[in-house]
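**Q** Have a look at the structure that comes next, please.
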Amino acid sequence: MMGYKRPQNHIQWTKWAKQYGPLYRVKMPGSTFVVVADPALLPTVLGRPGLPKSRVYELGFFLATKTFHDTMFSIRHTDDPMWKATRKTLALAFNPDAIRSKMPMVVQQSLGLAERLRAFGPGRDIEVQDAMARVTLDVILTTGFDLPSNAVDLDAPCPLLEDMHFLMAETFRGFTNPFRKLSRKLAPNSALAKEFSSRLANLHSIWHQIMTDARGEVAEDDVSLWGCLAKVRDHKTGKPLSGDLLQAEVAGIILGGLDTSAQTCAFTLALLAAHPEQERALAAELDAAGLLATPANPSPRPMAFPDLPRLTYLDGVIKESLRMFPVAATGLSRCTNEDTVLGGYLIPAGTEVQVPIYTLHMNTFPEPERFLPERWADQHKAAGNNKTASEAAATKVHVQAEVRDTAAPKWTAAGAAREAAAEKPAPTFIPFSGGPRDCLGQRLAMMEVATILGTLMGRFTVELSPRMDGYTGLLERQTIAFTLAVDDGLWINFKPRPGWI
Ligand code: HEM
């Protein structure tokens, strides 16, 4: 099922859900787990109190520090005081005002990327997974840590990304082929084992350097990620986080925010490149907002915060991309801490429970394989997008608010029962998960993705490179590598729009 060269468990799990129903058990040598792809069961699994996270989240800790520290990502229970304190304090960094204040920086990073792409000329294929990881790295370091970052210089080496992606790929290969991991342990002087430990040491020192560079007086009203992290108190000592524990949180948040946003941008560009009609519809929306380069508007204005609620087609494009290529495709891993009844079945204590986001998105939407941004139009109407820009900006980051709305019911068993009685549909669109452990960074992510894509699509048309073998080739090469990715690269050609100066 895993596939040695190109794991595609998300596709296999989706086929099994069609064959055996949305709740089934997988038994493999050394591993048994239950897959839950029934929307009606999500509040029980992901809601409050829900099931605790499984230990899977502890596996990636070595990327952050030498010794294991429980971080916001890995803490298992929502009643853990450390998780509560960290989540509450860090949430300030993602409130609508904080997001609005960060948008000009994201606009600058996006314009910088557009200029680099233009400088390459139209003939050069760009590997967009790398390009987007670079721009999202710049975004997180500048907005979150107030550090200069120029990863977007596509031809320059980027040690953080190179080390991180090497280590992630190698670790993932170790999951699918345990002999490979064993060989590193048994032959510590092999070229592979040496490269692994040297890159790991590099990565740890990069996190340390980020903390050293970001250090300094943090103002009381500083709502950057670093400013908020500095305010988190260890509930046992009452002191600020420090040393390896702080490093683990810093690394965890950067790792959590980087490839997720980057892959969402990359897949969205690929979808637009493969669907010219939708690309034209997006261009029309950008044109109407003065954001498209044309002979009549050779220097489109930079995007601004009030544009976000108005660009409803762009919002639909991003949601379709998150639906069809949710980066956490095989999803969310939980564990029963006591015998639990799910969908009429008794699931024994200690069973791993997987919520496959891709399967939910593919098995619950009509014509799931079609890229239809307009399927979100009703939701936009219901959200009242005829608000003035200032009203919308004053209320919320609109895209974010809608993602939450689609995630009704309220993620408690009682809430779910009430909504079921009122015949409201159970949640099916959960790219950011749902309930108390949903993605803390989703507001930043949606603003960032919309800004990067709005800026690029206002200045370029995009085409899949011939080396992708068309959209079918892309679908065949999708793979799970921690996040959903495209094996052997996702290559796109950017053509500057006529008239852009
Ligand atoms: C499109 C981009 C993103 C997607 C699709 C995404 C998706 C997710 C998902 C599915 C989870 C739940 C994981 C689980 O329970 O297994 C999660 C958790 C989390 N995400 Fe994101 N994420 C994105 C961007 C970001 C960004 C930009 C940040 C911060 C810079 C971030 C920070 C976090 C944190 C801190 C958690 C853990 C929350 C907790 O356990 O309380 N994410 N994300």
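**Q** For the list (1) in contact with a Cys (Cβ under 6 Å, 6 or more places away or on another chain); (2) surrounded by fewer than 15 Cβ atoms within 10 Å (Cβ to Cβ), I need the number of the one condition that V449 fails.
**A** Single failed check for V449: (2).
**Q** Filter the stretch 252-287 down to residues that are within 12 Å of the ligand (Cβ to nearest atom) and small (G, A, S) and give me whichever is surrounded by the fewest Cβ atoms within 10 Å (Cβ to Cβ). Before the answer, list the steps.
**A** Here is the first cut: in the stretch 252-287, the ones within 12 Å of the ligand (Cβ to nearest atom) are 252-268.
Add one more test, that the residue is small (G, A, S), and what stays is 252, 256-257, 261-262, 266.
Values: G252: 22, G256: 19, G257: 23, S261: 27, A262: 28, A266: 26.
My answer is G256.
**Q** Here's a follow-up. Check E249 against each of (1) surrounded by 20 or more Cβ atoms within 10 Å (Cβ to Cβ); (2) free of Cβ contacts under 8 Å to residues at least 24 places away in the same chain; (3) charged (D, E, K, R) and name the one condition it does not meet.
**A** Tallying (1) surrounded by 20 or more Cβ atoms within 10 Å (Cβ to Cβ); (2) free of Cβ contacts under 8 Å to residues at least 24 places away in the same chain; (3) charged (D, E, K, R), E249 fails exactly one: (2).
**Q** Quick one: which residue in T483, T472, T451 is of a type in the set (S, T, N, Q), touching a helix residue (DSSP H, G or I) at 6+ places or on another chain (Cβ under 7 Å) and more than 30 Å from L291 (Cα to Cα)? Reasoning before the result, please.
**A** Details: T472 fails: touching a helix residue (DSSP H, G or I) at 6+ places or on another chain (Cβ under 7 Å); T451 fails: more than 30 Å from L291 (Cα to Cα).
The conditions single out T483.
**Q** Please work out if T455 is within 16 Å of the ligand (Cβ to nearest atom), hydroxyl-bearing (S, T, Y) and not in a strand (DSSP E or B). Break it down into steps so the answer makes sense when it comes.
**A** Numbers: within 16 Å of the ligand (Cβ to nearest atom): no; hydroxyl-bearing (S, T, Y): yes; not in a strand (DSSP E or B): yes.
So T455 does not fit the description; no.
**Q** Could you say whether any residue in the stretch 73-87 is surrounded by 22 or more Cβ atoms within 10 Å (Cβ to Cβ), without any contact (Cβ under 8 Å) to a residue 12 or more places away in the chain and in a helix (DSSP H, G or I)?
**A** Yes - at least one qualifying residue is present in the stretch 73-87.
**Q** Let me ask you something else. Starting from the stretch 345-369, take each residue that is without any contact (Cβ under 8 Å) to a residue 60 or more places away in the chain and list its partners that are in a strand (DSSP E or B) and away from the ligand (no atom under 16 Å from the Cβ), counting only C-beta distances under 8 angstrom and pairs at least six apart or across chains.
**A** Taking only residues 6 or more apart or on different chains, the pairs are L346/T340; A349/T340.
**Q** From (1) free of Cβ contacts under 8 Å to residues at least 12 places away in the same chain; (2) within 16 Å of the ligand (Cβ to nearest atom); (3) among the hydrophobic types (A, V, I, L, M, F, W, C), pick out the condition that doesn't hold for L186.
**A** (2)
The numbers here are math on the coordinates, done by the rules we state, and not lab data. Fair warning: this is a prediction, and the values are worked out from it, not measured in the lab. Neighbour counts are summed over all protein chains in view; Cβ atoms, including those assigned to glycine, are modelled from backbone coordinates with ideal geometry.
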